[in-house]
1. Going by what's in this entry, would I29 be described as open to solvent by 90 Å² or more (accessible area, probe 1.4 Å), at pLDDT 65 or above, among the hydrophobic types (A, V, I, L, M, F, W, C) and assigned to a loop (DSSP other than H, G, I, E, B)?
2. Being over 20 Å from A99 (Cβ atoms), crowded, with 17+ Cβ neighbours inside 10 Å and either of a type in the set (D, E) or modelled with pLDDT of 90 or more (or both) is the requirement here; does L330 meet it?
3. Regarding the range 401-412, can at least one residue be identified that is on the phi < 0 side of the Ramachandran plot, free of Cβ contacts under 8 Å to residues at least 12 places away in the same chain and surrounded by 14 or more Cβ atoms within 10 Å (Cβ to Cβ)?
4. For the structure I just gave you, tell me whether E310 is modelled with pLDDT of 90 or more, surrounded by fewer than 17 Cβ atoms within 10 Å (Cβ to Cβ), of a type outside the set (S, T, Y) and on the phi < 0 side of the Ramachandran plot.
5. Give the number of residues within the range 369-389 that are open to solvent by 10 Å² or more (accessible area, probe 1.4 Å) and part of a helix (DSSP H, G or I).
6. Can you pull out the residues in the range 308-352 that are among the basic types (K, R) and not in a helix (DSSP H, G or I)?
7. Would you confirm, using the coordinates I've provided, whether L355 is closer than 25 Å to G132 by Cα, touching a Leu at 6+ places or on another chain (Cβ under 7 Å) and either assigned to a loop (DSSP other than H, G, I, E, B) or at pLDDT 90 or above (or both)?
8. Can you say whether P323 is surrounded by 15 or more Cβ atoms within 10 Å (Cβ to Cβ) and either out of contact with any Pro (no Cβ under 6 Å at 6 or more places or on another chain) or at pLDDT below 90 (or both), as far as the supplied structure shows?
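The values are calculated or read from the model by the stated rules, or taken from the named source; none is laboratory data. Since the model is a prediction, treat every value here as computed from it, not as a measurement. Neighbour counts are summed over all protein chains in view; Cβ atoms, including those assigned to glycine, are modelled from backbone coordinates with ideal geometry. Keep in mind that these areas ignore ligands, DNA and RNA; they rest on the heavy atoms of the full protein, side chains included. Shrake-Rupley method; radii C 1.70, N 1.55, O 1.52, S 1.80 Å.
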Amino acid sequence: MAKKNQLGNRCAFCGGPTSPGAALLPSPIDPSVCICSDCLGQIYDLFGEELGVGRKSAEKTPARKGASKSKVPTPREINDFLNQYVIGQDDAKKYLSVAVYNHYKRLNQKESDLDPEVDIEKSNIIIVGPTGTGKTLLAKTIARLLDVPFTIVDATVLTEAGYVGEDIESLLTRLLQAADYDVERAQRGIVFIDEIDKIARKGDNPSITRDVSGEGVQQGLLKLLEGSVVNVPPQGGRKHPEAKMIPVDTKDILFICGGAFDGIERKIAHRLNTHVVGYSTSAAKQKIQRDNYLQYVAPQDLKSFGLIPEIIGRLPILTHLDPLDRDALLRVLTEPKNAIIRQYVKMFAMDGVKLTFEQDALELIVDKAIEYKLGARGLRSIVESIMVEAMFNTPGTKTKELTITRDYALEQIQKAHFETDIVK
């Protein structure tokens, strides 16, 4: 036990106490050997410099709160940042920029700005768009800009509590893991729920079996989306009931949901009283762009698809992503900071090889992605099939330059069995 300095007791390190209020801690092995509290503090700080802890490091390094304490970028600044990584989708970027700005502006309200009569609710977002158009990329990029905990959860693995599959609370478990179990920081994070369309109701007709992965999951998500204190198992699931639960308040967590909603175009066309195939004589109907019905998506279309009205009401911001045309895919391939071609150029540069792609080869890659209807996500698999031979043979050789031509790319695609009959 530490004892106040007394005459005859001296610190074995400094020989004294250096301050009047210093306490001495005797050794458990030899009680006559003591160390003073001043020396203990110095030792703690020395180890803290090595381990990243200690009094000085704690004073110098503020806790990371991401967008909670720092200035929130304006909607235009958020949009400009998204433009560096995501090609096209201007409408979706504008909606997301405004929603994210308003959400974190709401969290950063000063005490003087709080009005007990006006409670600003959060703006959860739902994004509708075909596969490979950038839903996940948009959410990741926003989380990178704001430096907040971010997690992606696949809705297809969620089931009602008590059934095989992941529980609803596993969404928050993953967010806690992304925040290093800092609850305060996790409560200002972003959760992206992918494949939200896969938990649509299977039908309006009653069934003798429970819809445990459809409407049941939607009902379970309601309390998370709206905002409530949820007891979260630290390891996920209820497999260990004796584990201590962590209470997490979801009222400040931003939920972004995304889904392809395959087939929703028919419901939109039906609502607009048009036909996917045929002619129309109405001038209003002639203005409708039949090649992109998603731009007319509305909450009632989501309800017709199978989302319950309660969950639609908790996702007030609805936006869409346009299918990527040829020019957009070509830009996706080369322009963003993390463009696919830039990644391969960097990988070859690490081996001392200068990699270049001819324009004809890039156009071939885009044409094949459109032909296979893979979207931007398919670009990576096509480029990988073209480059695998070069990535296998080039390292360790004296090759300093490598140029990918259209003929070489076409040959490698054929070898990869993407297609068996290609006419040059």
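1. So I29 fits the description; yes.
2. Numbers: over 20 Å from A99 (Cβ atoms): yes; crowded, with 17+ Cβ neighbours inside 10 Å: yes; either of a type in the set (D, E) or modelled with pLDDT of 90 or more (or both): yes.
Considered against the rule, which asks whether it is over 20 Å from A99 (Cβ atoms), crowded, with 17+ Cβ neighbours inside 10 Å and either of a type in the set (D, E) or modelled with pLDDT of 90 or more (or both), L330 comes out as yes.
3. Within the range 401-412 (the criterion being on the phi < 0 side of the Ramachandran plot, free of Cβ contacts under 8 Å to residues at least 12 places away in the same chain and surrounded by 14 or more Cβ atoms within 10 Å (Cβ to Cβ)), the answer is yes, since at least one residue qualifies.
4. Numbers: modelled with pLDDT of 90 or more: yes; surrounded by fewer than 17 Cβ atoms within 10 Å (Cβ to Cβ): yes; of a type outside the set (S, T, Y): yes; on the phi < 0 side of the Ramachandran plot: yes.
Yes.
5. Count: 9.
6. R314, K337
7. Taking the combined requirement at face value, the residue does not satisfy it.
8. For P323, the condition - surrounded by 15 or more Cβ atoms within 10 Å (Cβ to Cβ) and either out of contact with any Pro (no Cβ under 6 Å at 6 or more places or on another chain) or at pLDDT below 90 (or both) - is met.
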